[in-house]
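Data block below; observations after.
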Amino acid sequence: MSAIPATVSASSAPVGPSRLPASSARHARMAGSDDEPAWVRRLLIGIAIGFFALFLLLPLATVFHEALHKGFELYWAAISEPDARASIWLTLIAAAIAVPLNLVFGVAAAWAIARFEFRGKKYLVTLIDLPFSVSPVIAGLIYVLVFGAQGWFGGWLQAHDLKIVFAVPGIVLATIFVTFPFVARELIPLMQAQGRDEEEAAIVLGASGWQMFRKVTLPNIKWGLLYGVILCNARAMGEFGAVSVVSGHIRGLTNTMPLHVEILYNEYQFQAAFAVASLLALLALVTLALKSAIEWKASHTANETKDTR
């Protein structure tokens, strides 16, 4: 009797779960993870939409309704009267000074932290995050303690006829403090993830430091930089706590838009208060739109870069 071969060809071997390709096993796990009932998904989506409508859409709709329900003429009168125009102008001035300064600091700090190792690096990162943990009101009180009439430098400032607290310089300083981390915090993880290979290659090819920054570093961080600037500008225009402490609430002189809204509301001028508040709400919507556009453009650019590679 001839012996029957004990070996079985691989092609005839049964394919069990352990022999499935990795992609098939992954798809099987994904299919198995979608076992929850449809009503659970609908409930979670409904809860999310409900919170979104209640805490975001409803307040925005209320602001615009209260601002416009008495007619556009009263709305325009409220935002064009002298004190309102002064508050808008002061808000723009504070943002126009604070944002570029934080832009320069943010780029320099991110470059130093992401590219170099030095003593005190951890402390610098901690100090950058300080405005996130300190109350804006406390920050304003610190400026009053330092630059106020009874503060550390109050006598010297009075002797030289310089005024910081209850004047525009104090508002700008407070705005710079509360917006301090935004640009740096957007750029530090981005530059750390990118590494420094391209910059080192540019230096090897003979580029100067400025050429390397302008042609290599800046194009790589431009979307993160714009993102940080937009958030910084939105916070600068909407800041209330620190600015309230150092401003003195002088109508037409040291009131920014948020402070002007508070004064109008406390005086029961509700329509005027909501009219000025609607400008801040428009700023928030524009900021959100720009933020979404930059995120989409950044992801689109990243996908194109991967495809070309």
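The values are calculated or read from the model by the stated rules, or taken from the named source; none is laboratory data. Because the structure is predicted, anything quoted here is derived from the model rather than measured. Ideal geometry is used to build each Cβ from the backbone, glycine not excepted, and the neighbour counts take in all protein chains shown. To get the accessible areas, we keep the full protein, side chains included, count just its heavy atoms, and leave off ligands, DNA and RNA. Shrake-Rupley method; radii C 1.70, N 1.55, O 1.52, S 1.80 Å.
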| field | Top-ranked residue in segment 175-208 [being more than 19 Å from residue 103 (Cβ to Cβ) and open to solvent by less than 70 Å² (accessible area, probe 1.4 Å); ranked as farthest from the chain's Cα centre (by Cα)] | value | 206
| Contacts under 7 angstrom Cβ, first residue in segment 107-122 being more than 16 Å from residue 220 (Cα to Cα) and open to solvent by less than 30 Å² (accessible area, probe 1.4 Å), partner at pLDDT 90 or above and small (Gly, Ala, Ser), 6 or more apart | 109/184
| request: Could you tell me whether segment 236-251 includes any residue that is under 29 Å from residue 214 (Cβ atoms) and part of a helix (DSSP H, G or I)? | output: yes
| Do we have any residue at all in segment 57-69 that's farther than 23 Å from residue 179 by Cβ, aromatic (Phe, Trp, Tyr) and open to solvent by 70 Å² or more (accessible area, probe 1.4 Å)? | no
| query | Looking at segment 154-174, which of its residues are part of a loop (DSSP other than H, G, I, E, B) and open to solvent by 30 Å² or more (accessible area, probe 1.4 Å)? | reply | 160, 161, 162, 163, 164, 166
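Could you tell me whether residue 135 is within 13 Å of residue 245 (Cβ to Cβ) and touching a residue at least 40 places away in the same chain (Cβ under 8 Å)? Show your work before the answer.
Numbers: within 13 Å of residue 245 (Cβ to Cβ): yes; touching a residue at least 40 places away in the same chain (Cβ under 8 Å): yes.
Yes, satisfied.
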| query | Which members of segment 232-274 meet the condition of being surrounded by fewer than 19 Cβ atoms within 10 Å (Cβ to Cβ) and either closer than 30 Å to residue 115 by Cβ or of a type in the set (Val, Ile, Thr) (or both)? | reply | 250, 263
| message | Quick check on residue 96: is it within 30 Å of residue 195 (Cα to Cα), of a type outside the set (Asp, Glu), without any contact (Cβ under 8 Å) to a residue 24 or more places away in the chain and surrounded by fewer than 14 Cβ atoms within 10 Å (Cβ to Cβ)? | response | no
| remark: Here the residues within segment 241-268 that are without any contact (Cβ under 8 Å) to a residue 40 or more places away in the chain and polar (S, T, N, Q) are 266
